[in-house]
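The values are calculated or read from the model by the stated rules, or taken from the named source; none is laboratory data. Nothing here was measured: the structure is a model prediction, and the numbers come from that model. Note that we place each Cβ from the backbone using ideal geometry, even for glycine, and neighbour counts take in every protein chain shown. Note: areas computed on protein heavy atoms with side chains; ligands, DNA, RNA excluded. Shrake-Rupley method; radii C 1.70, N 1.55, O 1.52, S 1.80 Å.
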Amino acid sequence: MDARIVLLGPPGSGKGTQAERMEDELGFVRLSTGDLLREAVRNETELGKRAKEYMDQGLLVPNELVIGLMKEKIDSLEGGYILDGFPRTLEQAEVLESITGIDAAINLDVDDEELVDRLTKRRSCPDCNAVFHLIYKPPAEEGVCDRCGGELYQRSDDSEETVRNRLKVYRESTFPLIEFYEKRGVLRNIDGKGDIGEIFEAIKALL
Ligand code: AMP
């Protein structure tokens, strides 16, 4: 697949889950801004130290930090890719547009109460970035990643208070991107509620 895809949608809408399947089953390269930032935080790089204070509060990391990071990564890619969590502001979308065209912006739509439930019961793998849910998508062995055997953890920004902040930030800063991509004729809306496999089939049918 050599399409260039942006995954839109609020935190918890399934971007990571679907990107993981698109990577594993359709051969896309997945670039997750959140995963790259968390790696920088773990490695205590200069970027990581600066990003952490925003991420811990559920705020967006400033554009000047994120744009430099993503521009370098996108420039190094060939073939198809999925951007998971980028762009998240209009400024980021404009920079992306100046680097490359986008074939589809897939918007996963889920209501707020379901998002809170999904995020607070989410468990993540620090090694391969796979995501699980204690009830809807539990790992085969408790606390162990099905994909790579890593030890699952709860992200510090998946606490209820921080999640509510992230949803507010989403509405203010990221929601306007739906209109941005609609105007460019590449927006594709998908109902993000329900079965993970069915949502994946709906995405596949669009590509
Ligand atoms: P995610 O893993 O996509 O939920 O992102 C986790 C956190 O990383 C967000 O709450 C932000 O603090 C930061 N982040 C991720 N992507 C971006 C972005 N495109 N712009 C600014 N901050 C971001």
query: Could you give P(r) for region 153-207, binned at 5 Å from zero, as whole percent values over all Cα-Cα pairs?
result: 4, 15, 14, 15, 22, 20, 8, 2
- line: Descending accessible area (1.4 Å probe), largest on the left, turns Thr45, Thr89 into Thr45, Thr89
- prompt: How much of the calculated P(r) for region 32-110 lies past 17 Å, in percent of all Cα pairs?
  reply: 46 percent
task: Rank these residues by their accessible area, most exposed first, probe 1.4 Å: Met55, Met22.
output: Met55, Met22
field: As computed over the chain, the Cα convex hull volume per residue (Å³)
entry: 114 Å³
Principal semi-axes in Å for region 67-114 [√(5λ), Cα gyration tensor, largest first]: 22, 13, 10
- prompt: Leaving out ligands, DNA and RNA but keeping every protein chain, what accessible area does Tyr153 have, in Å² rounded to the nearest 10, with a 1.4 Å probe?
  reply: 70 Å²
- prompt: For the chain, what does -39500 (n - 2.57) per DSSP helix run (n ≥ 4), summed and divided by total residues, give at 222 nm, in deg cm²/dmol to the nearest 500?
  reply: -13500 deg cm²/dmol
- prompt: Taking 0.36 nm per intervening residue step and subtracting the Cα-Cα distance, what contour gain separates Asn165 from Tyr136 on full extension?
  reply: 8.1 nm
- prompt: Taking Rh as the Kirkwood radius computed over C-alpha pairs, what is the Stokes-Einstein D of region 103-147 at 37 °C in a medium of viscosity 0.692 mPa s, expressed in µm² per second?
  reply: 273 µm²/s
Anchor Lys71: lysines whose Cα lies under 30 Å away (excluding residues fewer than 8 positions away in-chain): Lys15, Lys49, Lys52, Lys168, Lys183, Lys204
field: Assigned charges on the beta-carbon of Lys, Arg, Asp, Glu; region 49-175 dipole about Cα centre (debye)
entry: 260 debye
- line: In nanometres, the difference between 0.36 nm per residue of separation and the alpha-carbon distance of Leu26 and Val144 is 40.0 nm
field: Furthest towards positive pole of dipole, Thr162, Pro176, Gly150, structure part region 143-189, Cβ charges
entry: Pro176
